[in-house]
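Engineer: Let me give you the structure first, and then I'll get to my questions.
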Amino acid sequence: MFAVGLILMTGVVAAGGEPPDWCTTLERWEAKGQGGSAVAGGCPIAGSCDIPAVRDTYAPDASTPFKTIHMHLIVFREDDGSAPAATEQDVIDQMERMNDDFAPYRIDFEYTWLYVDKSQFLHNGDDFLMKQAYAVSPATRCNVYVTSLGGGYGTFAWDSDALTAQGGIVVGGGSFGGNSSVMSHEMGHNLGLWHTHHGVSEVGTCSPCWERADGVDGDTTGDFCSDTPATPVDFDCVYPADNDQCSGAPWAPTLPESFMSYGQPCWNLFTVHQASRMHCWVEAVLTGWLSPGLEPPGNDACSGAIPITGTITDLSTFGATTSAPSLPVECDEGGGLIFENDVWFTFTPDGPADIVNLCLDPLTFDARMAVYENTCGDLTLVGCSDDSCDLAPSVVFDGQCGQTYFVRVGGSADVTGYGRMIAAAFGVCDPVCPWDLDEDGMVGINDFLDLLAAWDTDPGGPPDFDGNGNVGIEDFLELLANWGPC
Ligand SMILES: [Zn+2]
C-alpha cells in the first residue's frame, strides 16, 4: 500500500507544469522603457552591432586576441555569517566553468570575490539598494550578486545602466556553481545577446520583430542572429512539433544547445553570430571591463566627501587611494599607524547632539577611522580609532551643532572592502538664542517675567545663563543686553 502511494505522489510531482521563467533579464529591461531605435518597417535596433554587416566584421577566429572581462562577485550570507548563498568552492568551480563555456569564442574572465554578511540582500530585499551599496567600480567590471533566490538576470549591453551600479548580474545560489551555466547565459545578455526564443515568445505574434521559422529576415528580427533558428521558448531540448503561425513553416530543427535558450540540459555552444555580437558589443560599449584597474570611488579625496545624512551609511573602499595626513602616534592602539585606501564623508550634527558616535558595522576588511574638523586644506584631528567596537573602529567626540566634521575611513593595512557606518547623536544642542526662554523668536517682556519667576529658585536651569548655579542679577543683565529679535 505504502509503495503504491509513493509512486502516485511522484507521478503527481512529475506532472507539474513547465519550469518557471527563471531569467528575468527581459522583463527588467522592458520595465525601464528604454526601447530601441526604429528601423523603417522593421524591428528596432539598439546599436550598430545589430546591423549584420557590422556584426560580421567581429567574428572571432583562432587568431583573435582573448577579450578578458573583469568581474567582481559579492556572495551574501546571513548577518551572522551563516548560510552562504555559495561556497568558496562554488565560486571557483563556477568561474572555471564559465571560462570553459566562453573559451572557444575568445572571451575569458578574471575576478575578485568576497562574502558580505547581510541577510536583507541574501534574501534580495531590495535590488536597487543592494547594487547601490555593493557595486564596485561598475565602469571597469561586471558586478555579480549571488543571493539565495533561484534563477537570475543580467543587464543588456545596450541598457543605459550597463556600466553603472545598477547594472551587472544577480544570480541565485541554486543556479550558481560548477554544475550550472546560468552565469554564462546571464553574461551572454550583458555582452549583447537576446534569448534565442526572443523573436517568438517575447515579441508580438507576426510583429516586425517576429522571427519566422522559414528563416526570412533572420538577421534583422528576433535575436538578430540567423544562425540561431527561430523557436518558441523550449525548456527540454526537444524540437517543437508544431509550425510557425506566421510563415507556416515547421519550427524544427531548433537550437536548444545555445546558452541563450532555456534548454539548460543540452547547453553547450554560442553560434558564430552570437560570438560576433559579443565581440562587437564589448568593443562598442564595454571596453572599460577589459581594463584591470579599478576606478577610484567618488569620495576618494576629502574634497569629494559624501555627507552622512542618515543613521546608516554604506561605504566601499575598493579602488580608493591613500590620502594625507598621516596619523599621529596617539592613534596607535598597538597595531601601528597604517591608514590606506581611504574614503571620506562629512558629518554635520543638525539635531540635538553633544556626542557623535561613529561605528563601522559590519566590515569586510580591517578598517580604521579618523574624524577631523576645519577644512580639507587644514584638517585638525578630532579623534581616531582602529579596533574599538569588536574589530571595527568607532570614534566618539564632542560634536558642535551645525559644524561640519570630516570622517575618513580606510584600511589599517593595504586592504579594501565594504562597511556600514552607523552615526548616532546623543545629548541636547545649546539653543542658538538661550535668552528667548519662551522660544517665540524674540527676547522680550515674557522672557524677563520667566526669568523673574525663576529668580533664586532654578540653579542651572534655562535662565541661569552664566551657569553659576544661581538665577540672579548677572543673568538679568545678560538678558537685557540681548533684548530684541534673536
Ligand atoms: Zn535570459
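The values are calculated or read from the model by the stated rules, or taken from the named source; none is laboratory data. Computed from a predicted structure; not experimentally measured. Quick reminder, even Gly has a Cβ in these numbers, built from the backbone with ideal geometry, and neighbours come from all protein chains shown.
Engineer: Among all residue pairs at least 6 apart or on different chains, which show Cβ distances below 6 Å where the first residue, located in segment 140-153, is among the hydrophobic types (A, V, I, L, M, F, W, C) and the second is in a strand (DSSP E or B) and within 15 Å of the ligand (Cβ to nearest atom)?
Structural biologist: Correct list of pairs: Val144/Ile169; Val146/Val171; Leu149/Gly172.
Engineer: Just need a number here: residues in segment 99-119 that are exposed (fewer than 14 other Cβ atoms within 10 Å of the Cβ) and over 13 Å from Val144 (Cα atoms).
Structural biologist: Restricting attention to segment 99-119, the residues satisfying the condition of being exposed (fewer than 14 other Cβ atoms within 10 Å of the Cβ) are 100, 103-104, 110.
Subsequent filtering for residues that are over 13 Å from Val144 (Cα atoms) retains 100, 103-104.
Looking only at that region, the number is 3.
Engineer: A follow-up question, please. What single numbered condition from (1) away from the ligand (no atom under 16 Å from the Cβ); (2) outside any helix (DSSP H, G or I); (3) modelled with pLDDT under 95 fails to hold for Met71?
Structural biologist: Of (1) away from the ligand (no atom under 16 Å from the Cβ); (2) outside any helix (DSSP H, G or I); (3) modelled with pLDDT under 95, only one is false for Met71: (3).
Engineer: Count, please, the residues in segment 281-319 that happen to be in a loop (DSSP other than H, G, I, E, B) and more than 17 Å from the chain's Cα centre (by Cα). Walk me through how you get there before you give the answer.
Structural biologist: Restricting attention to segment 281-319, the residues satisfying the condition of being in a loop (DSSP other than H, G, I, E, B) are 286, 291-301, 305, 308-311, 317-319.
Next, from what is left, pick out any that are more than 17 Å from the chain's Cα centre (by Cα): 286, 291-293, 300-301, 305, 308-311.
Residues in segment 281-319 being in a loop (DSSP other than H, G, I, E, B) and more than 17 Å from the chain's Cα centre (by Cα): 11 in total.
Engineer: Still on this structure, I have one more. Considering only residues that are more than 18 Å from Glu295 (Cβ to Cβ) and outside any helix (DSSP H, G or I), look in segment 115-143 and name the one that is farthest from the ligand (Cβ to nearest atom).
Structural biologist: First pass over segment 115-143, keeping only residues more than 18 Å from Glu295 (Cβ to Cβ): 115-130.
Then drop every residue that is not outside any helix (DSSP H, G or I), which leaves 115-118, 123-126.
Details: Tyr115: 26, Val116: 25, Asp117: 29, Lys118: 26, His123: 22, Asn124: 17, Gly125: 23, Asp126: 22 Å.
This residue is Asp117.
Engineer: Does Cys389 satisfy the condition of being surrounded by 16 or more Cβ atoms within 10 Å (Cβ to Cβ), at pLDDT below 95 and of a type in the set (A, V, I, L, M, F, W, C)?
Structural biologist: Details: surrounded by 16 or more Cβ atoms within 10 Å (Cβ to Cβ): no; at pLDDT below 95: yes; of a type in the set (A, V, I, L, M, F, W, C): yes.
Considered against the rule, which asks whether it is surrounded by 16 or more Cβ atoms within 10 Å (Cβ to Cβ), at pLDDT below 95 and of a type in the set (A, V, I, L, M, F, W, C), Cys389 comes out as no.
Engineer: For segment 370-384, check the following and say yes or no: at least one residue is over 23 Å from the mean Cα position of the chain (by Cα) and over 23 Å from Asp300 (Cα atoms).
Structural biologist: Within segment 370-384, the first condition is being over 23 Å from the mean Cα position of the chain (by Cα), and the residues that meet it are 370-384.
Applying the additional criterion that residues be over 23 Å from Asp300 (Cα atoms) yields none.
The answer is no, given that none of the residues of segment 370-384 is over 23 Å from the mean Cα position of the chain (by Cα) and over 23 Å from Asp300 (Cα atoms).
Engineer: Report, by residue number, each residue of segment 230-265 that is within 16 Å of the ligand (Cβ to nearest atom), modelled with pLDDT of 95 or more and not in a loop (DSSP other than H, G, I, E, B).
Structural biologist: Scanning segment 230-265 gives a single hit, Ser258.
Engineer: Scan segment 74-98 residue by residue and report those that are crowded, with 17+ Cβ neighbours inside 10 Å and in a loop (DSSP other than H, G, I, E, B). Before you say what the answer is, go through the steps one by one.
Structural biologist: Going through segment 74-98, the residues crowded, with 17+ Cβ neighbours inside 10 Å turn out to be 74-77, 84-86, 90-91, 93-95, 97-98.
Pro84, Ala85, Ala86, listed by residue number.
Engineer: Scan segment 173-222 for residues that are within 11 Å of the ligand (Cβ to nearest atom), acidic (Asp, Glu) and assigned to a loop (DSSP other than H, G, I, E, B) and jot them down.
Structural biologist: Once the filter is applied, which keeps residues that are within 11 Å of the ligand (Cβ to nearest atom), acidic (Asp, Glu) and assigned to a loop (DSSP other than H, G, I, E, B), segment 173-222 yields only Glu202.
Engineer: Additional query: For residues that are more than 20 Å from the chain's Cα centre (by Cα) and farther than 19 Å from Asp236 by Cβ, scanning just segment 189-201, find the one that is surrounded by the most Cβ atoms within 10 Å (Cβ to Cβ). Break it down into steps so the answer makes sense when it comes.
Structural biologist: So in segment 189-201, the residues more than 20 Å from the chain's Cα centre (by Cα) come out as 192-201.
Those left that are additionally farther than 19 Å from Asp236 by Cβ: 192-194, 199.
On the way: Gly192: 27, Leu193: 30, Trp194: 27, Gly199: 27.
Out of the qualifying residues, it is Leu193.
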